[in-house]
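The values are calculated or read from the model by the stated rules, or taken from the named source; none is laboratory data. Predicted model, so just to flag it, every value in this text is computed and none were measured. Glycine also receives a Cβ, built like all others from the backbone with ideal geometry; neighbour counts cover every protein chain displayed. Keep in mind that these areas ignore ligands, DNA and RNA; they rest on the heavy atoms of the full protein, side chains included. Shrake-Rupley method; radii C 1.70, N 1.55, O 1.52, S 1.80 Å.
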Amino acid sequence: LVVHGEAGVVKSALVINATCGPENPDPDTTQALCISLRHLPPTTLDLESSLGTRLPTLLAELSAPHRLLIVDAADAIAEGMLEPLRYLVESAKQSGLTIVAVTASHTKQLVQDTLGELSGAKVADLAVSPLTDAEVDDVVATFAELSVLAKNPRSRELLRRPVVVDLLVRGGLAGIPLSDADALRAIWSGLVR
């Protein structure tokens, strides 16, 4: 399965919550290992050295009936991380795990084609959409400080991504960001600094 969507729509959190969190109707039957492709060493040898063993050996220790390998940041294959992805897919296949890859929309097709080629299986996809107008209205009802933002059509688009909403609220929103750059400046000054 390839789960894809725009940045900030909390794809990874949704996948993890659905498989391992309170959204899973039967958590005793599912085990998942989540690995960020972007944070892996670039070679199989380096990864095995870090793990102290081969990955298939570790994956074989999972014992639930439904076992998943969640590959977060799968779009890193466009940045030269094909070898680590190949190793993850081969290891998952050897151990009987289902692969769920999480990627940005613009690399969805590349990830889907690569997974299909490596696994030899049909790869389904699932799109995670930004928040709808009704969902943005619910967010604004909860966080009144975002109401001015929600009234401006350009700024309202920022509120469609839960990660941006979270950072703006925690950063103590000041002013009306009209673009991603404005929002990043507000987050930097209100939260990071």
Which residue, Val128, Val169, Asn17, has the largest displacement toward the positive end of the dipole of the chain when charges sit on each Cβ (Lys, Arg +1; Asp, Glu -1)?
Val169
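Per-residue counts of other Cβ atoms within 10 Å, averaged by peptide: what ranking do you get for 98-107, 143-152, highest first? Write out the running numbers ahead of the final one.
Values: 98-107: 20.8, 143-152: 14.9.
The densest-packed peptide leads the list: 98-107, 143-152.
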Neighbour net charge for Asp113 - beta-carbon separation under 15 angstrom, K R +1, D E -1:
0
Calculate the dipole size of the range 1-77 relative to its Cα centre from +1 charges on Lys and Arg beta carbons and -1 charges on Asp and Glu beta carbons; express the result in debye to the nearest 20.
120
Heavy atoms only, probe 1.4 angstrom, no DNA, RNA or ligands counted: give me Arg54, Arg170 ranked by accessible area, highest first.
Arg170, Arg54
Once phi is turned into ³J(HN,Hα) by the Karplus curve 6.51 cos²θ - 1.76 cosθ + 1.60 with θ = phi - 60°, what whole-Hz value does each residue of the range 38-51 show in order, with x for glycine and proline?
5, 9, 8, x, x, 10, 4, 4, 5, 5, 4, 5, 5, 6
Step through the residues of the range 143-156 one at a time and calculate ³J(HN,Hα) from phi using the Karplus curve (6.51 cos²θ - 1.76 cosθ + 1.60, θ = phi - 60°), rounding each to whole Hz and writing x for Gly and Pro.
10, 4, 5, 8, 4, 5, 4, 5, 7, 8, x, 5, 5, 4
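With a probe of 1.4 Å, find how much accessible area the range 107-165 has per residue, and write the answer as a whole number in Å². Let's see the in-between values first.
Working: 3350 Å² over 59 residues.
That works out to 57 Å² for each residue.
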Calculate the dipole size of the range 10-150 relative to its Cα centre from +1 charges on Lys and Arg beta carbons and -1 charges on Asp and Glu beta carbons; express the result in debye to the nearest 20.
540
Scan around Val128 for amide H atoms under 5 Å from its own, H built in the peptide plane at 1.01 Å from N, and keep only partners 5 or more places away or cross-chain.
His4, Gly5
Once amide H atoms are placed 1.01 Å from N in the peptide plane, what residues at a sequence separation of 5 or more from Ile99, or on another chain, have their amide H within under 5 Å of its amide H?
Leu69
The set of residues whose placed amide H lies less than 5 Å from the amide H of Cys34, leaving out same-chain residues fewer than 5 positions away, is Ile70
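Determine the order of Arg86, Arg185 by accessible area, beginning with the largest, at a probe radius of 1.4 Å.
Numbers: Arg86 90, Arg185 140 Å².
Of Arg86, Arg185, the descending order of accessible area is Arg185, Arg86.
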Measure nothing fancy, just the Cα-based angle from helix 11-20's long axis to the longest principal axis of the chain, in degrees from 0 to 90, nearest 10.
60
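What is the chain's relative contact order, in percent, from Cα pairs under 8 angstrom and six or more apart in sequence? Before the final figure, lay out each step's value.
Values: 280 pairs, mean separation 48.0, N = 193.
Contact order relative to length: 25 percent.
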How large is ³J(HN,Hα), in whole Hz, for each residue of the range 114-128 in order, when computed from phi with the Karplus curve 6.51 cos²θ - 1.76 cosθ + 1.60 and θ = phi - 60°, using x for Gly and Pro?
5, 4, x, 5, 6, 8, x, 10, 6, 10, 7, 9, 9, 8, 9
Output the peptides 109-116, 61-68 sorted from most to least packed, where packing is the average of other Cβ atoms within 10 Å over each peptide's residues.
109-116, 61-68
Can you bin every Cα-Cα distance in the range 25-102 into 10 Å intervals starting at zero and give me the percent of pairs per bin, rounded to whole numbers?
20, 53, 24, 4
For volume of the Cα convex hull per residue in Å³, several values are listed as [x] 217; [y] 225; [z] 143; flag the one computed from this structure.
[z]
